[in-house]
Every structure is written in structure tokens, then in C-alpha cells.
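J.: This structure is in C-alpha cells; I'll ask about it shortly.
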Amino acid sequence: MIQIRQALIEDFTGIQNCNLHNLPENYQLKYYLYHALTWPQLSFVAIDSSSKRIVGYVLAKIDEDSEKPNTPISGHITSISVMRSYRKLGLAKKLMKLSQYNMKAIYNAAFVSLHVRVGNQAAIALYQKSLSFSVDHVEKKYYADGEDAYSMKLIL
Ligand SMILES: CC(C)(COP(=O)(O)OP(=O)(O)OC[C@H]1O[C@@H](n2cnc3c(N)ncnc32)[C@H](O)[C@@H]1OP(=O)(O)O)[C@@H](O)C(=O)NCCC(=O)NCCS
């Protein structure tokens, strides 16, 4: 059975491990902890109940630009991934929905944004087909290896 719940401080090494397995964009542990301490209600984990391993996560925040005057509050998905053998079970969609719900309910965020590699077909389908995000603009050479990103947005 897979349990999905809000991420706790002690989950963040497991989240970092999952991230290292699944994505080339990695972060120092302190960046995960910054999310956990600043916006504790926005990051979620999927845990395999038998192994107690974290098999998926969404790491999210409120965009720091939201603190500027006359700027709408918005959420941002920093990172999401699901371990290979747990994919296509609906975990990413559930993790995203929970984070989006709290962005609106707790922070009154007007929209949520994210970046995705233009070649990442699975993630693009998740965001566009399953969650109704749309492409706001393209950010040229956004990633360290030179790949472009779609900057996507969903009104909450
Ligand atoms: C992208 C990713 C998070 C999806 O996780 P997942 O748990 O398998 O996704 P879900 O099962 O919730 O899928 C929801 C929808 O996403 C789309 N989708 C997911 N995987 C897909 C694939 N391999 N090909 C096409 N569409 C896919 C489908 O529309 C799916 O809906 P459906 O099952 O009704 O067809 C996962 O593939 C992953 O971890 N990839 C590596 C890390 C990554 O790319 N993260 C995103 C960075 S922006």
C-alpha cells in the first residue's frame, strides 16, 4: 500500500534520495529544509508502507516574488518525481493536487507555476492533460545542459 502525506523534516533525506534517482536537477539538503520550514503544508511524500521508503514527492513553495507589493501570491512547484517502479499509478497527480489545494486554501495563491524540459513528454502530459496547466512562455536554455523549459501556469 502507498501512503501519501505531508512531508516532515525527517523525510527530507528520503526526498533528496528520490530526487537524485529521478532527475538531473538536484539540490543541497538545506534547500529542502528551507521548503519544509517555510511552507510546511506544500510538500508531500508518497511512502511504500511495507518498505517505509519514500517513492515519490512533490516539493513546492510560495514564489518569493509574491512578497513584492502589488504582486499576486503564487505557488511554485520546485520539483516532483516518482520512483520508476511506482509510476503510472496516479501518484504524481495526487501529490500535485494536494499541494495545489493547500496553495489556495492556506496561502490564497492565485496561480501555480512550474518549469519543465521541453523534451519531458511524461511530465508535460501530467501537467497539461491531467492537471490542465498551460504553457505561459518558453525559457531558452533554462537548464544547465542548455535544454529549453516551458514555463507553465495554472490558475487556482
Ligand atoms: C513525470 C512523473 C512525475 C509522473 O509520475 P507518475 O506518478 O507516473 O504520474 P501519474 O501516474 O500521476 O500520471 C498522471 C498522468 O500523467 C501523464 N503521464 C504520466 N506518465 C506518462 C508517460 N510515461 N507518458 C505519457 N504520459 C504520462 C498521463 O497523462 C497520466 O494520466 P493517465 O494515467 O490517466 O494517462 C514521473 O514520470 C517521473 O518521476 N519522471 C521523472 C522525473 C520528472 O520528470 N519530473 C518532472 C520534472 S518537471
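The values are calculated or read from the model by the stated rules, or taken from the named source; none is laboratory data. None of these values were measured; they are calculated from a predicted model. Please note: Cβ atoms are built from the backbone with ideal geometry, for glycine as well, and neighbour counts cover all protein chains shown. Just the protein is used for accessible areas: all its heavy atoms, side chains included, with ligands, DNA and RNA removed. Shrake-Rupley method; radii C 1.70, N 1.55, O 1.52, S 1.80 Å.
J.: Given the chain, what percent of its DSSP beta bridges are antiparallel, to the nearest 5?
T.: Taking every DSSP beta bridge with both residues in the chain, the antiparallel ones total about 90 percent.
J.: To the nearest 20 debye, what is the magnitude of the charge dipole of the chain about its Cα centre, counting +1 on the Cβ of each Lys and Arg and -1 on the Cβ of each Asp and Glu?
T.: Details: 18 positive and 13 negative charges, 125 e Å.
For this selection, approximately 600 debye.
J.: Express the carbon and sulfur contribution to the solvent-accessible surface of the chain as a percent, rounded to the nearest whole number, probe 1.4 angstrom.
T.: 54
J.: Long-range amide H contacts for Asp63: which residues qualify at under 5 Å (H placed 1.01 Å from N, peptide plane, sequence gap of 5 or more or a different chain)?
T.: Ser74, Gly75, His76
J.: Continuing with the same structure: Please report the relative contact order for segment 2-155, taking Cα pairs under 8 Å with a sequence separation of at least 6, and give it as a percent rounded to a whole number.
T.: 18
J.: Further question on the same structure: Please give the FRET efficiency for Tyr31 paired with Lys129, using the beta carbon to beta carbon distance and R0 = 35 Å, rounded to the nearest 0.05.
T.: The computed FRET efficiency comes out at 0.75.
J.: Another question about this same structure. 5 Å is the cut-off here: which amide hydrogens, built 1.01 Å from N in the peptide plane, fall below it relative to Met83, excluding neighbours closer than 5 in sequence?
T.: The answer is Gly56.
J.: Could you tell me the center-to-center distance, by alpha carbons, between segment 18-65 and segment 74-128 in angstrom?
T.: 12
J.: Calculate, for segment 2-155, the solvent-accessible area per residue in square angstrom, rolling a 1.4 angstrom probe over the heavy atoms of the protein chains.
T.: 54
J.: If you don't mind, another one. Is it possible to state the helix-based mean residue ellipticity at 222 nm for the chain, with each DSSP H run of 4+ residues giving -39500 (n - 2.57), the sum divided by total residues, to the nearest 500 deg cm²/dmol? What is it?
T.: After summing the helix terms and dividing by the residues of the chain, the value is -8500 deg cm²/dmol.
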